[in-house]
Structure formats: C-alpha cells, structure tokens
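Contents: one structure, followed by commentary.
Every read-out reported here was derived from the displayed coordinates using simple, explicitly stated rules and does not represent laboratory data. Being a predicted model, the structure only gives us computed values, none of them experimental. Heads up, the Cβs are rebuilt from the backbone with ideal geometry, glycines too, and the neighbour counts pull from every protein chain shown.
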Amino acid sequence: MNACILYLNKKRIEMIKLESDHMESKSWEKLKETDKWDFAEITKTLDSPNEVILVGESGLNMEYRRWLANHDRVLAKKLIAVIGSAIETKINPSVVSHFKEKYFRGRA
C-alpha cells in the first residue's frame, strides 16, 4: 500500500503517508492568517502515492482540488475520497485506522 491522508485546515496541513505497515507524518503550519499555502511543496512531499484522501474544511479541500486539476492531474486522478470535517486538532491514530480500514482495505 502506498496511500496518503491529507488533513487540511486554515492553520495546519497534516500529511499521513501509509506504506505497507509503515506510517510517516509531516505537517505544515501557517504563521499568519493571511499567508497562502504552498500546494506545490506539499504535493511534492506526498511522493506520488497510489491513493489519496483529503480530509478537512470544504473550502480548502476545493481549493487544493482545483490546484491539483491545474498543476498535477496525475495526482488529482488518485483522489479516492474527499471528506469535509471541522476537526481543529491533529488527526489521531484512531481516525487514521478508521480511514485505512474503510478506504484502503483490500486495495493494496
């Protein structure tokens, strides 16, 4: 399995990469509300997963999906789910396990 969960909110973006039984996490934070996200840097860090789930604020999910459609159509085609959420904290292990079981089980 080479999959990724990308959690987006106004102040923080967190990436959870799942490769077989290995899990890696990385996050980016905004210093100021007016700062713009560097979607190119974030996408490069994903390192070409086979499947991607976006979780987070609907407006930011849409903004990132639009960016993918214009700048990385290969990765845009690998989105298997976009889930709106108002979670204000980091993704916890139980949420990762839930998404892994629901979306990635049997797809490896």
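Please identify every one of the GluC sites (Glu not before Pro) in the range 15-75 that sits in a loop by DSSP and has no more than 10 other beta carbons within 10 Å of its own beta carbon. Walk me through the intermediate numbers first.
Numbers: sites: Glu19, Glu24, Glu29, Glu33, Glu41, Glu51, Glu57, Glu63; in loops: Glu33, Glu57.
Those satisfying the criteria are Glu33.
As I understand it, the value is the acute angle between the Cα axis of helix 58-71 and the longest principal axis of the Cα atoms of the chain; what does it come to in degrees, rounded to 10?
Compared with the principal axis, the helix lies near 80 degrees.
Taking Cα centroids, how far is the range 1-38 from the range 45-73 in Å?
11
About the Cα centre of the chain, what is the dipole size in debye to 20, counting +1 per Lys and Arg Cβ and -1 per Asp and Glu Cβ, all else neutral? Walk me through the numbers on the way to the answer.
Numbers: 19 positive and 16 negative charges, 53 e Å.
So the dipole magnitude of the chain works out to roughly 260 debye.
When only DSSP loop residues count, what trypsin sites (Lys or Arg not before Pro) in the range 50-86 have their Cβ near at most 15 other Cβ atoms within 10 Å?
Numbers: sites: Arg65, Arg66, Arg73, Lys77, Lys78; in loops: Lys77, Lys78.
Here the sparse-neighbourhood loop sites are Lys77.
How charged is the neighbourhood of Glu33? Take every other residue with its Cβ under 9 Å from the Cβ of Glu33, and add Lys/Arg as +1 and Asp/Glu as -1. Present the calculation step by step, with values, prior to reporting the outcome.
Values: positive: Lys10, Lys11, Lys30, Lys32; negative: Asp35.
Value of the local net charge: +3.
At 222 nm, what helix-only mean residue ellipticity would the chain give, in deg cm²/dmol to the nearest 500, using -39500 (n - 2.57) for each DSSP H run of four or more?
Details: 4 runs with 33 residues, N = 108.
Here the helix-only value at 222 nm equals -8500 deg cm²/dmol.
Multiply the residue gap between Val74 and Lys10 by 0.36 nm, knock off their C-alpha separation, and tell me the result in nm, one decimal place. Don't skip to the answer; put the middle values down first.
Working: separation 64, 0.36 × 64 = 23.04 nm, distance 2.54 nm.
Net length gain for the segment: 20.5 nm.
For Rg/Rh (Cα atoms, Kirkwood Rh), which listed value, [x] 1.09; [y] 1.20; [z] 0.93, comes from the coordinates shown?
Read-out from the structure maps to [z].
For Cα pairs less than 8 Å apart in space and 6+ apart in sequence, what is the mean separation divided by the residue count of the chain, i.e. the relative contact order in percent? Before the final figure, lay out each step's value.
Numbers: 149 pairs, mean separation 30.8, N = 108.
RCO, the chain: 28 percent.
Given the pairs Lys11/Lys36; Lys11/Lys77; Lys17/Lys100; Lys44/Lys102; Lys32/Lys78, which are separated by over 21 angstrom at their Cα positions? List each step's numbers first, then the result.
On the way: Lys11/Lys36 10 Å; Lys11/Lys77 26 Å; Lys17/Lys100 11 Å; Lys44/Lys102 26 Å; Lys32/Lys78 31 Å.
From Lys11/Lys36; Lys11/Lys77; Lys17/Lys100; Lys44/Lys102; Lys32/Lys78, over 21 Å: Lys11/Lys77; Lys44/Lys102; Lys32/Lys78.
Can you tell me the FRET efficiency between Val95 and Asp47 if r is taken as the Cβ-Cβ distance and R0 is 25 Å, rounded to the nearest 0.05? Before the final figure, lay out the partial values.
Values: r = 22 Å, r/R0 = 0.87.
After rounding to 0.05, the efficiency reads 0.70.
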